[in-house]
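Asks: Got a structure for you, questions after.
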Amino acid sequence: MFRLRSSTIRILIIAFGTAAVLIAGVLLHRYLQYEGTPEALLRRADDLSWKNQWMEAAPIYARAERLFAKEHRPSQALYAHVSQFIPQAESEEIPVLLLELQQDLALPAAQDPDTRLRILVIQGMIETNYNAAMASKTWRQVQTLARQQHHYLLMTRATGEQGIAAFLLGDITTAKKLVVRAWIVAKYLHDPATQVRYASVYGTGLVEMHRYDEAIHVLDGAINTAARSPGIAYPSIAVNSKIDALRGLRRYQAALALCDEASRRLPRARLDAHLFQLLTSKGQIYEDMGRWQDAAQQYTLALDYAQRLSYWRGITQTDGLRARAYEHEDDLGQALMSINEAIAANTHLPHELYFVPQNLAIKAEILEKLGRTQESHDLYTKSAVLIDSLLATAPTPDVERELLTALSQVYSGDFELLSNERKFSQAFQIVEKARGRVEAQSLEHHAVLEPHQPTLQEQRITELNLQLINSDDSSVRRQLAQALYDAELQLDDSSPAGRTATHPVPLKTVQRDLRPTELLIEYVLDKPRSYALAVTRHSVHVYELPSKTVIEEQASEYRRLLRNRQTNTVLAQTLFKDLLSPIPEYRNKFSIVIVPDGNLHLLPFSALMDQGRYTIRTHAFSTAPSATVFYILRNRSHATVSAQRSYLGVAAWSQPAEPRIPILRAMEGLERPKLQPLPESRAEVEAIAHLLPAPSTVLLGANATESNFKSLPLAEYRVVHLALHGYADLEYPDRSALVFAPQDKPTDDGLLQVREIRRLHLNARLVTLSACDTGIGPVGEAGVANLTNAFIEAGADTVVSTLWELEDQPTTQLMTEFYTRLAQHQNIGQALRGAQLQFLQAGLAPYYWASFEIVGDPDGTI
């Protein structure tokens, strides 16, 4: 709405002459006509509010309310009256507004269907930021009434709002389903306001799951949609979440700059809820930068706004953050007061679980420092139980991993507390609750997962992948990538994520299962110190290590050097000193089983150096997702003896190649022209077939298609060897894939992706992924999401995988030597170590041999 003042008309006359007066007269006539019709005012205000322009709509609603009141039309006046509550909720106490809305629902004027629906919509919007349980109930009522009144766009919004409430109530599966449904429908219906809303909400969820790159992609989409859609409000949710994503990526200056820009873009000064969020985000940036005092100051300013609004969820979150800041400043009294305020605020929201485990862990840490260890442990235990209830609704394995990473403080804090008290069995149980959880669930429930024909959505993904692989037009590829992302969002995942897993195996059971020469080391990386839990057949000890930050920086740098065919003996020795030297048992054992944490998943322990010698010269190394998974794999291996077929070998890219050095078994992106022939792979799989007993199956060249591979009785093979191109997608790990041969008339996309591998039914003693980057993926508290662990979930006892890209010819040589030793009845660990030592003794750099690692049971033979 606008007003033409007399001063404005005078300026127009001076500047433009009489024509300006005529224009002004026409505008004034239209304005007065518009101003005098309450129905027109209401339509205009409703249009603005649908686009989230509540501030602009509020004075128009006020004018309409007055005119309806003059005309004695109480239902319409009430409609306009409650529509002014959303801006008021930015600076007034929310409980007062909700109470008034309840009273309004009881008025005779609220019996009008449109008015009643409007009151419930306003009530639901305010409740979403106040109490998720109340909001869920209200939005269900809105959905029902909107359906009765054929208001389908509002039905869509009600669906999405129920998804937001479900997330806050801990039902993550329902949350994803409903929010994605609302988002996709909004795209199809060309409703940009709703599209912005739910893209922003979904992006916010990705930030909470620490999927920052993917989140920025989604949030930028919301911001751009708002920018190109006339009348759509400034997308504050998307902007605030992008600030948090930039912080997660350690792009602190960009995050602070966006904070300042968002503050300038606020339409008026008293937007308390928006200011609260910006101040909280700024505090978190300062926290990550180690500026704890500045962080505490920002949190205090934010809490002033939250308390003014009785914004309990905000108090729950930010008072917990402030407590952590005070704790780091060694002000334990203030820290305890703040965390108690946070926990007390959550009692106003008894059904909302998300922040509770984190806050209980913060309080437990403070109490431990105050010497109240039993209270501390009790809080950690309660927190772990609440996390279990959240994980029970995780829709996919990746979401489960991300939740465990987001809440990792609970496990690492309790582990440290129990270790300091020398309660090693309990400490082991705590850390094992998170480690390898996804793989343990899959191994337990794998037998009940039935194969299925591709769904329509899976067929759509196959079609999009084929188009993406075969296109080299960048603009077309961008469109296809977005369509693929939308299709993947709608997948109905039936993995065992969220199912109840077996409890962690007791420590004594693991010990009984270890061989006399074996040492299992479970790492727990944390700040300011890390730990190694060293387990042998007869002993258990915990050793203190440097900070997670130090270890991960060193590990990442060393891996980078090895990938680039370089080395650094000083760094290799430093990593040995930090990770293995503090463990006396290491000197007395030969076979070392590593349960990694964080970036240690990507570190080749065999290439560390002890007194100038690579550790592989004296020890054999393997890894396992957890001690529990290691025990399950070792003890289920007896079931695989009944496999009827000896060997399956696949080499899809075996055609001759032009002389090129080197040829890598890697795929930089989903583009067909980048797939080089791997001429040595044919000889590799055929040589292995001659080394192993019959019967065997070999798929070569054009016959090595994904469909042909899947059609085989995969559960009957003892050894599966895949000499293929590998593709690792760190942003979308379920897209990581092995690349099979293309079909003339495609019925598959040639990509055996992680989500498909999990559905395979294997009983293999050994799966070898003779391809690049099969062991890498995003890492977190629950492990690494990669091709290797997907094969473990599918039923393989042991997987040999790689930590970086490989050259074709040296890979064939190492693999042939590996299988020659297996055929001589060496166990898997001895055979791989022997092949690697042969390369080392020939003078080859770690690039050529250290990439190969064993995941699972190294003691098995084939």
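Asks: What span do the alpha-carbon atoms of the stretch 34-88 cover on each of the three principal axes, reported in whole Å from largest to smallest?
Replies: Result for the stretch 34-88: principal-axis Cα extents of 29, 22, 13 Å.
Asks: What accessible area, in Å² to the nearest ten, does a 1.4 Å probe give for Asp734?
Replies: That residue has around 40 Å² of solvent-accessible surface.
Asks: Can you give the FRET efficiency to the nearest 0.05 for Gln149 and Glu329, using r as the Cβ-Cβ distance and R₀ = 45 Å?
Replies: Approximately 0.20, to the nearest 0.05.
Asks: Please report, as a whole percent, how much of the solvent-accessible surface of the stretch 104-192 comes from carbon and sulfur atoms (probe radius 1.4 Å).
Replies: On the stretch 104-192, the fraction of accessible area on carbon and sulfur atoms equals 58 percent.
Asks: For Lys137, list the lysines whose Cα falls under 25 Å from its own Cα; do not include residues on the same chain fewer than 8 positions away.
Replies: Lys51, Lys176, Lys177
Asks: Suppose we keep just the DSSP beta bridges with both residues in the stretch 706-862; what percent of those would be antiparallel, to 5?
Replies: The answer is about 65 percent antiparallel.
Asks: Of the beta bridges DSSP finds with both residues in the chain, what % are antiparallel, to the nearest 5?
Replies: So the antiparallel bridges amount to about 45 percent of the total.
Asks: Leaving out ligands, DNA and RNA but keeping every protein chain, what accessible area does Tyr717 have, in Å² rounded to the nearest 10, with a 1.4 Å probe?
Replies: 0 Å²
Asks: Looking at Leu691, Leu303, Tyr61, which one has the Cα that reaches farthest to the positive end of the dipole of the chain (charges on Cβ: Lys, Arg +1; Asp, Glu -1)?
Replies: After comparing all options, I get Tyr61.
Asks: Once you treat every alpha carbon in the chain as an equal point and sum by Debye, what is log10 I(q)/I(0) at q = 0.05, 0.06, 0.09, 0.11 Å⁻¹?
Replies: -0.33, -0.46, -0.95, -1.29
Asks: Let me ask something else. With a 1.4 Å probe and all protein chains kept in place, how much accessible area does Val540 have, in Å² rounded to the nearest 10?
Replies: Rounded to the nearest 10, that gives 20 Å².
Asks: Also, quick follow-up: Quick one: Kirkwood hydrodynamic radius for the stretch 811-862, alpha-carbon pairs, angstrom, one decimal?
Replies: 11.0 Å
Asks: Also: For a quick protection proxy, order the peptides 331-339, 787-795, 680-688, 692-700 by their average other-Cβ count within 10 Å, most packed first.
Replies: Result, highest mean first: 787-795, 680-688, 331-339, 692-700.
Asks: Here is a further query. Could you work out the local net charge near Ser626, counting Lys and Arg as +1, Asp and Glu as -1, over the other residues with Cβ closer than 9 Å to its Cβ?
Replies: My count for the surroundings of Ser626 gives -1.
Asks: Summarise the accessible area of the stretch 782-862 (1.4 Å probe, protein heavy atoms) by the percent that is carbon and sulfur.
Replies: After summing per-atom areas, the C and S share lands at 43 percent.
Asks: Share of the stretch 243-377's accessible area from carbon and sulfur, percent, 1.4 Å?
Replies: For the stretch 243-377, the apolar C and S fraction of the accessible surface comes to 47 percent.
Asks: How large is the dipole of the chain about the Cα centre if only Lys and Arg carry +1 and Asp and Glu carry -1, each at its Cβ, rounded to the nearest 20 debye?
Replies: With Lys and Arg at +1 and Asp and Glu at -1, about 800 debye.
Asks: Could you give me the radius of gyration and the Dmax of the stretch 91-230, taking only the C-alpha atoms into account and expressing both in angstrom?
Replies: 15.7, 51
Asks: Next question. Towards the positive end of the charge dipole of the chain, with charges on Cβ (+1 Lys, Arg; -1 Asp, Glu), say which of Gln143, Leu466, Thr574 has the farthest Cα.
Replies: The residue sitting farthest along the positive end of the dipole is Gln143.
Asks: Something else: Going toward the positive end of the dipole of the chain, with +1 on Lys and Arg Cβ and -1 on Asp and Glu Cβ, which of Val179, Pro528, Ile237 do you reach last?
Replies: Going by the charge dipole, the pick is Ile237.
Asks: Would you mind getting the accessible area per residue of the chain, heavy atoms of the protein chains only, 1.4 Å probe, in Å²?
Replies: Dividing the accessible area of the chain by its residue count gives 40 Å².
Asks: So, one more: What does the helix-only formula give at 222 nm for the chain: each DSSP H stretch with n ≥ 4 adding -39500 (n - 2.57), the total divided by the residues, and the result rounded to the nearest 500 deg cm²/dmol?
Replies: -18000 deg cm²/dmol
Asks: Here is a further query. Quick one: what do you get for the stretch 525-613 if you divide its Cα Rg by 2.2 N^0.38 Å?
Replies: Computed over Cα atoms of the stretch 525-613, the ratio equals 1.07.
The values are calculated or read from the model by the stated rules, or taken from the named source; none is laboratory data. Keep in mind that this is a model prediction, so the values were computed, not measured. With ideal geometry, Cβ positions are generated from the backbone for all residues, glycine too; neighbour counts draw on all protein chains shown. Just so you know, the surface numbers come from the protein's heavy atoms only, side chains and all, with ligands and any DNA or RNA stripped out. Shrake-Rupley method; radii C 1.70, N 1.55, O 1.52, S 1.80 Å.
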